[in-house]
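Chemist: Can you keep this structure in mind? I'll have questions shortly.
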Amino acid sequence: MNHTISQDLFQTLATEIKVLKQEHKAIILAHYYQRPEVQDIADFVGDSLQLSQQAANTDAEVIVFCGVHFMAESAAILSPDKVVILPEQNAGCPMADMVDAEGLRAYKKRVPGVQVVCYVNSSAEVKAESDICCTSSNAVKVVQSLKGNDILFIPDENLGRYAAKILGRSLQLWPGYCKTHHRLTKEDILVAKKEHPLAKTIVHPECREEICQEADYVGSTAGLIGYAKNSEAQEFIVGTESGILHRLHQVCPEKKFYLASERLVCPNMKLTTLAKVRDGLRTLSPRVTVKEEIRVRAKATLERMLAL
Ligand code: 13P
Ligand code: SF4
């Protein structure tokens with residue numbers, strides 16, 4: 001179970017959330033990096049791509065987004081008629097903050113005609129300035145869909161480099177990175193491999209290049225879960241945020257998973273608690289909204305990805 005609160009408190013909060021959810025015709029979406037108890041009360045748990053697809057297609061009137069700001073913002077971009085709640089308004093993504101619209105516009109001025117692929121971990125303003133969006137599960141496919149040689153990948157340098165390498169293409173890379181995945185070192189992986197010689201190593205493409213090179217499989221959170229489920233291996237060294245272990249244990253209860261480093265904890269993903277989800281549903285706040293002029297352009301960028 002691995003909840004970070006007592007079973008009694010979990011039951012009380014889960015019951016309150018269920019009642020409020022029905023009252024407001026709400027759906028709760030949660031990312032795999034969320035606390036276990038938050039994942040357990042969600043209507044849908046997924047990776048960034050699956051969550052944006054759910055947000056685009058839901059009939060619910062209220063979307064409670066248990067994740068970080070750019071995820072809730074993508075839901076608000078795709079479903080402007082819905083109330084989108086981010087239970088913890090300070091849950092941001094430091095990588096998304098490593099590029100802003102002004103910096104991107106200056107780059108486009110310097111390199112006229114450059115096509116911009118923006119990772120979904122970015123603000124609505126940055127999406128509005130980009131040509132097409134991608135997530136870690138479809139970055140390769142998105143880059144492959146573009147003709148021409150002048151392509152800028154923002155803001156995750158590691159994911160961009162990974163996609164370029166798979167496709168044998170050269171991309172211009174923005175110097176952004178995930179502070180959580182960057183805490184993982186090659187040394188951590190080598191030590192883990194020594195301790196667990198039979199384990200397969202599975203890592204997220206936000207990891208440094210030298211770590212991806214050591215891996216048996218590199219993929220999005222949903223990709224990592226699918227790989228572990230379908231693999232004949234019984235043990236795995238996991239190079240991504242700790243929250244994923246909850247789903248890995250649920251999907252493969254008989255297999256063993258070793259987090260490659262105890263430092264793989266995203267503090268922003270952990271800010272959302274069940275009490276905050278309950279309060280968010282009670283007050284229908286904090287809400288995430290996007291200015292219409294930005295939203296329309298950002299939506300086109302996201303929809304180009306979803307159409308693939
Ligand atoms: P995915 O769930 O798309 O793999 O993304 C990981 C991530 O860092 C979300 O912030
Ligand atoms: Fe951002 Fe990294 Fe946290 Fe994902 S894990 S939300 S990329 S800081």
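The values are calculated or read from the model by the stated rules, or taken from the named source; none is laboratory data. For clarity, every value in this text was computed on a predicted model and none was experimentally measured. So basically every Cβ, Gly included, is an ideal-geometry build from the backbone, and we count neighbours across all protein chains shown.
Chemist: Would you check which residues across the range 47-73 are among the small types (Gly, Ala, Ser), at pLDDT 95 or above and more than 13 Å from ligand 2 (Cβ to nearest atom) and list them?
Modeler: Residues of the range 47-73 among the small types (Gly, Ala, Ser): 48, 52, 55-56, 60, 67, 72.
Still in the running and at pLDDT 95 or above: 60, 67, 72.
Correct list: Ala60 only.
Chemist: Still on this structure, I have one more. Checking the structure you have, find out if any residue of the range 79-98 is at positive phi and either in contact with a strand residue (DSSP E or B) (Cβ under 7 Å, 6 or more places away or on another chain) or of a type outside the set (Ser, Thr, Tyr) (or both). Full working, then the answer.
Modeler: The initial filter retains those residues of the range 79-98 that are at positive phi, namely none.
Among the residues of the range 79-98, not one is at positive phi and either in contact with a strand residue (DSSP E or B) (Cβ under 7 Å, 6 or more places away or on another chain) or of a type outside the set (Ser, Thr, Tyr) (or both), which makes the answer no.
Chemist: Moving on. Which of the following residues is surrounded by 22 or more Cβ atoms within 10 Å (Cβ to Cβ) and closer than 14 Å to Arg278 by Cβ: Val84, Val62, Val38? Walk me through how you get there before you give the answer.
Modeler: Working: Val84 fails: closer than 14 Å to Arg278 by Cβ; Val62 fails: surrounded by 22 or more Cβ atoms within 10 Å (Cβ to Cβ).
One residue alone meets the criteria, Val38.
Chemist: Quick check: anything in the range 18-37 without any contact (Cβ under 8 Å) to a residue 60 or more places away in the chain, aromatic (Phe, Trp, Tyr) and outside any helix (DSSP H, G or I)?
Modeler: For the range 18-37, residues without any contact (Cβ under 8 Å) to a residue 60 or more places away in the chain, aromatic (Phe, Trp, Tyr) and outside any helix (DSSP H, G or I): absent.
Chemist: Determine which member of the set Val238, Val290, Val296, Val265 is β-branched (Val, Ile, Thr) and part of a helix (DSSP H, G or I). Lay out the reasoning, then the answer.
Modeler: On the way: Val238 fails: part of a helix (DSSP H, G or I); Val290 fails: part of a helix (DSSP H, G or I); Val265 fails: part of a helix (DSSP H, G or I).
Result: Val296 is the single residue among Val238, Val290, Val296, Val265 that is β-branched (Val, Ile, Thr) and part of a helix (DSSP H, G or I).
Chemist: Any residue in the range 191-198 that is in contact with a helix residue (DSSP H, G or I) (Cβ under 6 Å, 6 or more places away or on another chain), within 24 Å of Cys266 (Cβ to Cβ) and in a loop (DSSP other than H, G, I, E, B)? It would help to see each step written out before you state the result.
Modeler: Filtering the range 191-198 for residues in contact with a helix residue (DSSP H, G or I) (Cβ under 6 Å, 6 or more places away or on another chain) gives none.
No, the range 191-198 contains no residue that is in contact with a helix residue (DSSP H, G or I) (Cβ under 6 Å, 6 or more places away or on another chain), within 24 Å of Cys266 (Cβ to Cβ) and in a loop (DSSP other than H, G, I, E, B).
Chemist: Out of the residues in the range 222-264 meeting the condition of being away from ligand 2 (no atom under 16 Å from the Cβ) and of a type in the set (Gly, Ala, Ser), tell me which one is surrounded by the most Cβ atoms within 10 Å (Cβ to Cβ).
Modeler: Step by step, filter the range 222-264, then rank; the result is Ala228.
Chemist: Please state which one of Gly219, Gly168 is away from ligand 2 (no atom under 16 Å from the Cβ) and either surrounded by fewer than 20 Cβ atoms within 10 Å (Cβ to Cβ) or farther than 18 Å from Met98 by Cα (or both).
Modeler: Details: Gly219 fails: away from ligand 2 (no atom under 16 Å from the Cβ).
Every option except Gly168 fails the conditions.
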